[in-house]
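S.K.: Pasting in a structure now, in structure tokens, and then I'll have a few things to ask.
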Amino acid sequence: MLQVIARVPAKINLLLAVGPVRPDGFHELATVFHAVSLYDEVTGSSDDGVSVTLGGPYGTRAPDGDENLAVLAARALARRARPARPPGVRLGIHKEIPVASGLAGGSADAAGALLVCNQLWGLRLSDARLAIVAASLGSDVPFSLTGGTAVGTGRGERLRPVPVGGPLHWVLAFADGELSTPQVYRRLDELRAERSAPVPPPAVPDDVLAALAAVDAPALAGLLHNDLQEAALALRPSLSDTLRAGDELGALAGLVSGSGPTCAFLARDDAHAAALASGLAESGTCAGAVAVVGPAPLGT
Ligand code: C5P
């Protein structure tokens, strides 16, 4: 039996500038996506229908059946590719990326399903065509297809790769429970409405790209920023304790990843990241912490 495997990394946002809400309900973004070495593994084998089985530490937290984004991805690809007969796939997902955590775990699974099915069904769709299907599934799915580091604009689906001169060392501090992305965006809109200040067009400053090219972690530390952080902290005030703990333990910088609730901390090197991860894990301010490296490529 033919079996295809894709390993797709989690992402953090090194910069997330959120513009005003658009008529379609999405927000215009300027973001720097950065894939890190925490992977979901998606396996596909030939079958009659489309199905999914979930395993791994977060397997029971993700939806199974028709609500799973990987199942939706396989169905969307089957519709788009119009092969001679409707293809099927049995998907197996080993989830190491926590669910609804600001790390694009669901998007990683969708991207993995697209990669696996493209190969399993012999479709040979180009990266550009896969990216179109990916964008129809979610704003982060196109980036999950590429890994590495990229500037994202539009609602996050328009990508430009960013060169990074070497490895960067991070710690991810996981929270108990989840945050809903739409709810975090809504909260940001409310906070902005209360202030009634104009929202500038989102942009990625050039010095962020320069710090990445030079792998200058101290410079990058001063530039990390997430417009959604304020809203995530308003919805989950305990995340301030996690950020403070990382700061006190000597992280170069810390921020909420995407819409949260995971916090990401920048370390000087791998030994610093390992020490920071154990300090955070013991701090009582998070559910667990792991040291990771970025930019992470896709794996097979
Ligand atoms: O694209 P995705 O399905 O991941 O988006 C989930 C939700 O996050 C959207 O329904 C929207 O509420 C919010 N969102 C947004 N602007 C973006 C991306 C997401 O408002 N650029």
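Values quoted throughout were computed directly from the atomic coordinates according to the rules given, and no laboratory measurement underlies them. This structure is a prediction, so every number in the text was calculated from the model and none was measured. A quick note on method: Cβ atoms are made from the backbone with ideal geometry, for glycine too, and the neighbour counts reach across all protein chains shown.
S.K.: Using unit Cβ charges (K, R positive; D, E negative) and no other charged atoms, how large, in debye to the nearest 20, is the dipole of the range 51-148 about its Cα centre?
M.R.: 480 debye
S.K.: Fully extended, how many nm does the chain gain between residue 80 and residue 24 (0.36 nm per residue separation, minus their Cα-Cα distance)?
M.R.: Here the segment from residue 80 to residue 24 would lengthen by 17.8 nm.
S.K.: Would you mind working out the magnitude of the charge dipole of the chain relative to its Cα centre, with +1 at each Lys and Arg C-beta and -1 at each Asp and Glu C-beta, to the nearest 20 Debye?
M.R.: 1040 debye
S.K.: Given bins 5 angstrom wide, list per bin the percent of all Cα-Cα distances in the range 1-132, short to long.
M.R.: 2, 11, 19, 20, 18, 14, 9, 4, 1, 0
S.K.: Another question, then. Would you please calculate the Kirkwood hydrodynamic radius of the range 94-150 over all C-alpha pairs and express it in Å, rounded to one decimal?
M.R.: Value: 11.6 Å, from the Cα pair sum.
S.K.: When the Cα atoms of the range 5-70 are enclosed in a convex hull and the volume is divided per residue, what value in Å³ results? Don't skip to the answer; put the middle values down first.
M.R.: Working: hull volume 9.3 nm³, N = 66.
Taking the convex hull of the Cα positions in the range 5-70, it is 140 Å³ per residue.
S.K.: Just to be sure I understand the curve: with the Debye formula and one point per C-alpha of the range 49-117, what is log10 I(q)/I(0) at q = 0.12, 0.15, 0.17, 0.19 Å⁻¹?
M.R.: Calculated log10 I(q)/I(0) at the listed q: -0.29, -0.44, -0.55, -0.67.
S.K.: What distance in nm lies between label points placed 7 Å from Cα along the C-beta direction at residue 1 and residue 225?
M.R.: Reported label-point gap for residue 1 and residue 225 is 5.2 nm.
S.K.: A further question follows. Say the dipole of the chain comes from +1 at the beta carbon of Lys and Arg and -1 at that of Asp and Glu; which of 1, 209, 255 then lies farthest toward its positive end?
M.R.: 1
S.K.: Continuing with this model, one more query. Going toward the positive end of the dipole of the chain, with +1 on Lys and Arg Cβ and -1 on Asp and Glu Cβ, which of 161, 60, 37 do you reach last?
M.R.: 161
S.K.: Something else now. Starting with the fewest neighbours, write out 43, 262 ranked by other beta-carbon atoms found within 10 Å of each beta-carbon.
M.R.: Ranked by crowding around the Cβ, least crowded first: 43, 262.
S.K.: Once every Cα of the range 130-188 carries one equal point scatterer and solvent is ignored, give the base-10 log of I(q)/I(0) from the Debye formula at q = 0.21, 0.24, 0.27 Å⁻¹, two decimals.
M.R.: Ignoring solvent entirely, the Cα scatterers give -1.02, -1.06, -1.07.
S.K.: If you don't mind, there's one more thing I want to ask. State the answer as a single residue: which of 21, 267, 226 lies farthest towards the positive end of the charge dipole of the chain, with beta carbon charges of +1 for Lys and Arg and -1 for Asp and Glu, about the Cα centre.
M.R.: 21
S.K.: Quick one: order 286, 117 by neighbouring beta-carbon count within 10 Å, fewest to most. List each step's numbers first, then the result.
M.R.: Numbers: 286 24, 117 30.
Arranged by neighbour count, lowest to highest, 286, 117 become 286, 117.
S.K.: Further, regarding this structure: Out of the DSSP beta bridges found with both residues in the chain, what percent are antiparallel (nearest 5)?
M.R.: Percent antiparallel among DSSP bridges in the chain is about 85.
S.K.: List the equivalent ellipsoid semi-axes of the range 235-300 in whole Å, largest first, each obtained as the square root of 5λ for an eigenvalue λ of the Cα gyration tensor.
M.R.: Equivalent-ellipsoid dimensions as semi-axes: 19, 15, 10 Å.
S.K.: What are the extents of the Cα atoms of the chain along their three principal axes, listed from largest to smallest and rounded to whole Å?
M.R.: For the chain, the Cα spread along each principal axis is 57, 43, 35 Å.
S.K.: Using the Cα centre of the range 110-166 as the reference point, and only Cβ charges (+1 on K/R, -1 on D/E), how large is the resulting charge dipole? Debye, rounded to the nearest 20. Numbers along the way, then the final one.
M.R.: Numbers: 5 positive and 3 negative charges, 26 e Å.
For the range 110-166, the charge dipole is close to 120 debye.
S.K.: Follow-up question, since we're still on this one. Can you compute the label reach from residue 293? Point 7 Å from Cα along the Cβ direction, backbone N cut-off under 20 Å, restricted to the range 162-205.
M.R.: Counting backbone N atoms under 20 Å from the label point, the list is 162-173.
S.K.: Taking the Cβ-Cβ separation of residue 132 and residue 270 as r and a Förster radius of 35 Å, what is the calculated FRET efficiency to the nearest 0.05?
M.R.: My answer for the efficiency is 0.40.
S.K.: Something else about it: Do me a favour and compute the ellipsoid semi-axes for the range 166-281 from its Cα gyration tensor, root of five times each eigenvalue, largest one first, whole Å. Write out the running numbers ahead of the final one.
M.R.: Values: eigenvalues 131, 77, 21 Å².
Whole-Å semi-axes of the equivalent ellipsoid: 26, 20, 10.
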